[in-house]
């Protein structure tokens, strides 16, 4: 049952209503794409005013749990939160701590080699084909920084998704959602240098797939570790790694 307004302090009504609706959404009682009840129904459900209800909906919108649809048949529609929203919140926190791109790169170095090792026996020939197709798209998009970043981010999301570990999926996807646009921005000022870096990155990922497809996941893990260490050294020596982490754009 929704919380009764009589039991809540007035200043907390919107927050309490939002918490109740959040619980209903995350526990699956409202599915992605479904609309929440009408404002009139929810006002009666919670015993609150329209402005207080709209405050609750704004809280849910900020969480990425609803999107507001305008027009005659508009209202609050449920959606699953995008990783970009989580990444943006994490990036804001890291920005307040003055965390750097080099720190993010070193975090990758601790996680991703073990991820590669853990993929042994998990990738089918069809999935190798999907990963190679994404890299081919990235290679073709090197003239367009945004498109290139989209493809390389997709590559890492597919790769980590094969682990079937939702916590790891979130952490690695979040890191790359922050990391890829920052690297692209750092190279965008000199596209000749940027394209060379992109070519090296794609070639490295293709070699990684070669090793994994040959069944040598230990060598693939070692290559991943050495490649990430090479990138970290470049960031440190060039000064690129001193850049403070910034928030990525969120999905609309």
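The values are calculated or read from the model by the stated rules, or taken from the named source; none is laboratory data. What you see is a predicted model, and the numbers here were worked out from it, not measured in a lab. Every residue, glycine among them, receives a Cβ derived from its backbone with ideal geometry; neighbour counts consider all protein chains shown.
Selection over the stretch 145-167 of residues that are in contact (Cβ under 8 Å) with a residue 12 or more places away in the chain and part of a helix (DSSP H, G or I) gives a count of 14.
Looking only at the stretch 102-114, decide whether some residue is within 29 Å of residue 31 (Cβ to Cβ), in a helix (DSSP H, G or I) and assigned by TED's automatic domain parsing to the domain that holds residue 211.
No; the residues of the stretch 102-114 include none that is within 29 Å of residue 31 (Cβ to Cβ), in a helix (DSSP H, G or I) and assigned by TED's automatic domain parsing to the domain that holds residue 211.
Condition check for residue 142 on (1) touching a residue at least 40 places away in the same chain (Cβ under 8 Å); (2) in a helix (DSSP H, G or I): one failure, at (2).
Which one is nearest to residue 56 (Cα to Cα), of the residues in the stretch 22-38 that are touching a helix residue (DSSP H, G or I) at 6+ places or on another chain (Cβ under 8 Å) and touching a residue at least 40 places away in the same chain (Cβ under 8 Å)?
Applying the first criterion (touching a helix residue (DSSP H, G or I) at 6+ places or on another chain (Cβ under 8 Å)) to the stretch 22-38 yields 22, 25, 30, 36-37.
Then keep just the ones that are touching a residue at least 40 places away in the same chain (Cβ under 8 Å); that gives 22, 25, 30, 36.
Working: 22: 10, 25: 14, 30: 16, 36: 12 Å.
That would be 22.
Can you find even one residue in the stretch 121-137 that is touching a residue at least 60 places away in the same chain (Cβ under 8 Å), in a helix (DSSP H, G or I), assigned by TED's automatic domain parsing to the domain that holds residue 158 and within 18 Å of residue 166 (Cα to Cα)? No, the conditions are met nowhere in the stretch 121-137. Scanning the stretch 69-127 for residues that are over 19 Å from residue 174 (Cα atoms) and either buried (at least 20 other Cβ atoms within 10 Å of the Cβ) or in contact with a helix residue (DSSP H, G or I) (Cβ under 7 Å, 6 or more places away or on another chain) (or both) gives 76, 78, 117, 119, 120, 123.
Scanning the stretch 179-218 for residues that are modelled with pLDDT of 90 or more, surrounded by 15 or more Cβ atoms within 10 Å (Cβ to Cβ) and over 16 Å from residue 136 (Cβ atoms) returns 211, 212, 217.
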